[in-house]
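To start, the structure under review is shown below, and the notes come after it.
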Amino acid sequence: MLSFILRRLGTMALTMLCLTMVVFFLINLDPNLKKLAISQTEMHTSAEQLESWLVNHGYRQNFFSRYGQWLGIVPKQPVTDPATGKPARRFSFCNDPVEPTFSGVLQGDFGCSTKFKTTVASKLFPALGATGILMFWVLVVMVPISLLIGILAGMREGSRTDRTLSVASIASTATPEYVSGVIFTVIFASWLGLLNGSAASASRGITFYNFTLPVMTLAIYGIGYIARMTRASMVEVMTQQYIRTARLKGLSFGSVVVKHALRNALIAPFTVIMLQFPWLLTGVVIVEVMFRYQGFGYTLVEAAGNNDIDLLLGCSLVSVFIVLITQLISDVGYAFLNPRIRVQ
Amino acid sequence: MQLEYIGAFNVVLGVLARFWPVWIALVLVMGASFAYKKRLGLYGQLFDSSVGIVGVGICLFWLFTAIFASTVSPFNPLVQIPIMKDALPGAVEPQSGLVYLFGGDKLARDVFSRMVYGSQIVLIIAPAATGFALMVGITLGLPAGYYGGRIDTVLSFLANLVLAFPVILLFYLLVTPGIMETPIPYAMAGLFFMFPIIFFSVLFWTRYKKRPDRLYILLGLTLIIGGWVYAGLVFDADPFRIIHIDPNQLNIFVAVVFASSPGVFRIVRGLVMDIKTRDYVAAAQTRGESPWYIMLWEILPNARGPLIVDACLRIGYTTILLGTLGYFGLGLAPESPDWGTAIKDASRLLRSFIHPALPPTIALMSFVLGLNLLADSLREQSMKD
């Protein structure tokens, strides 16, 4: 088991290395650098001035040396101030070293955000915290509801309850966040006036009034999927021999479901719930933009929209990490929950 | 100048009337399918359950809407008629006397016509991109599952690499105006669009190796048609100017294929690993058939059930992806009538006007719902066998 986890961690590190390199390459394509230079300098700058801005800020160094610097395996070189000729900080708003040091992601330095004029860490981690709160409430709503729907539907396959709930969960998987968000806002904010169509104020304090719509919107897309998986797993368990035995020895239907079926039926949905995180990540971006909630997704869109290289790299690192770690947890957890599976 | 309005009942009647070519086509196709369902195989079996009928109905509805878009929609989706700015549903356009059935948007365009034309964009890109993703996934998934070993390790690692990208990040990196100045989208298009040609060439080669008369015709056709489409799509050099794709659409297309082919790869690989242990595969191996013959003519036909179901779900998912792209304003032109862009435009103004938001949302939802119902009923029917 331990060697399995270690091997998985090794693959994970390799994957992250490859992915960050790809992201680094795509962000640093020439048109993107030009766009960054244009947005960072004043209007109407000539092509030479743009080029010299890029050179002065170290964007024209060798690709691999820059990637190494970002990673922290190559010492980060300070840039030379053209006016004084002395080494200077790359950006005045964050404390880049003035002498060559190893200062990259491995040392905990995520770099400078050119859009927000601050360090990436001071922007990214509060945003992650805000998204964490959103995710927590989404899971609190999504998991019990979807498991309940799945179990009720799978308990008696082919019954009217089953068919109704199945169609309802298919409908919910057909409703992406930007659709359900609009529909919920129209119903609850515009017509009924019960809830706030914007979660901008949620950064200062979460209330039922401003946080329900984002949570609802984000949960609805996942509910259908998890419910369908739970239903499939429940249907399979209900046809097993031991369920028939339990029923034949005179146990009531309810007690068979709760005592015998439930535990075995919940193994598969666990994996599905863990693998929902990558999907939630996309949903989070849509919902945070739609409801103007200042979290991780909002930061990602701002970073991508303004070509904020270090911030976007930080965001990709975090999201890729989340995807990979949830995959690992789901595999390990599955092996723990299901005694029939032994990891070689 | 005051606009004239027609009542809600007349709006409903008007919408139903505008769709007349769709209704006729729908009745003809559904009637014929229902009458001959015994002879139509898997497709005919769909008509045995109400879920299947509803699924087929919704999908065909949007298909015919896309085909007859120019007849169904009363206005040009891009033309702005200033007096109709933010007009409520049922407003009569004074000059032509036609009605803005679902009202006008903030740029005074007809919401109804935009919704109808939006279906065209979705119904061209989503199935086509899914088709290419299937080709890529199948061509790579078959050897990975069949041979296993190193080739499987490398291909699976690459697939997991792409799958580990959150979709939205992938799109923000791959679908930008800047990237179209670089050769990356064209290189990726050149790579992906090779797969169908390779697939069909190998398919015919393995089957008709011993029968040159058939082989040369089929191979020639594959190469001519494939090469023609390839030249048109990748180099925009179709000599007849029939196949043409805008650079930004090519970019979207490539990004969507890139994002969804690893999923197909994983499914195909899993299916192949399961099927290759069957007796008929062992029989073919004993006969001395070549590995690619076994993969393409023994294993693939037996994996078609789950693949068809997955394709249906995947078209729906691709539709959602296209909507996401439109919602973030990536790739598609800002005035494009596709549903995602329309939802983006309308959702910013929800506080003042809600009518431009509802038609595209309901359209997108119903189409994806139709595909999901179709997939669900297909799965149920194929499990009965």
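Miscellaneous remarks
- Every residue from region B:348-385 that is buried (at least 24 other Cβ atoms within 10 Å of the Cβ), in contact (Cβ under 8 Å) with a residue 40 or more places away in the chain and not in a helix (DSSP H, G or I): B:P356
- Residues that are buried (at least 17 other Cβ atoms within 10 Å of the Cβ) and outside any helix (DSSP H, G or I) were ranked within region B:146-186; the one that is farthest from the other protein chains (Cβ to nearest Cβ) is B:V175.
- Test: residue in region B:308-328 that is within 14 Å of chain A (Cβ to nearest Cβ) and not in a helix (DSSP H, G or I): yes
- For region A:154-171, a residue qualifies if it is small (G, A, S), part of a helix (DSSP H, G or I) and more than 10 Å from chain B (Cβ to nearest Cβ), and the qualifying residues are A:G154, A:A168.
- Boolean, B:A333 is farther than 16 Å from B:L170 by Cβ and touching a residue at least 24 places away in the same chain (Cβ under 8 Å): yes
- Test: residue in region B:198-210 that is under 29 Å from A:I309 (Cα atoms) and either in the same structural domain as B:I252 (by the TED database) or part of a helix (DSSP H, G or I) (or both): no
- Test: residue in region A:304-311 that is within 19 Å of A:T20 (Cβ to Cβ), free of Cβ contacts under 8 Å to residues at least 40 places away in the same chain and of a type in the set (A, V, I, L, M, F, W, C): yes
- Selection status of A:F25, surrounded by fewer than 18 Cβ atoms within 10 Å (Cβ to Cβ), at pLDDT 85 or above, touching a helix residue (DSSP H, G or I) at 6+ places or on another chain (Cβ under 9 Å) and among the aromatic types (F, W, Y): yes
- Filter result for B:I245 (closer than 29 Å to B:L161 by Cβ, in contact with a helix residue (DSSP H, G or I) (Cβ under 8 Å, 6 or more places away or on another chain) and free of Cβ contacts under 8 Å to residues at least 60 places away in the same chain): yes
- B:G305 at pLDDT below 90, exposed (fewer than 14 other Cβ atoms within 10 Å of the Cβ) and part of a helix (DSSP H, G or I): no
- Comparison of B:T341, B:T361 shows that the only residue that is modelled with pLDDT of 85 or more and in the same structural domain as B:F47 (by the TED database) is B:T361.
- Of the residues making up region A:23-50, just one is among the β-branched types (V, I, T), more than 8 Å from chain B (Cβ to nearest Cβ) and assigned to a helix (DSSP H, G or I), namely A:I38.
- Qualifying residue in region B:253-264 (condition: buried (at least 17 other Cβ atoms within 10 Å of the Cβ) and free of Cβ contacts under 8 Å to residues at least 24 places away in the same chain): no
The values are calculated or read from the model by the stated rules, or taken from the named source; none is laboratory data. On a predicted model such as this, the values are computed, not experimentally measured, just so you know. Quick reminder, even Gly has a Cβ in these numbers, built from the backbone with ideal geometry, and neighbours come from all protein chains shown.
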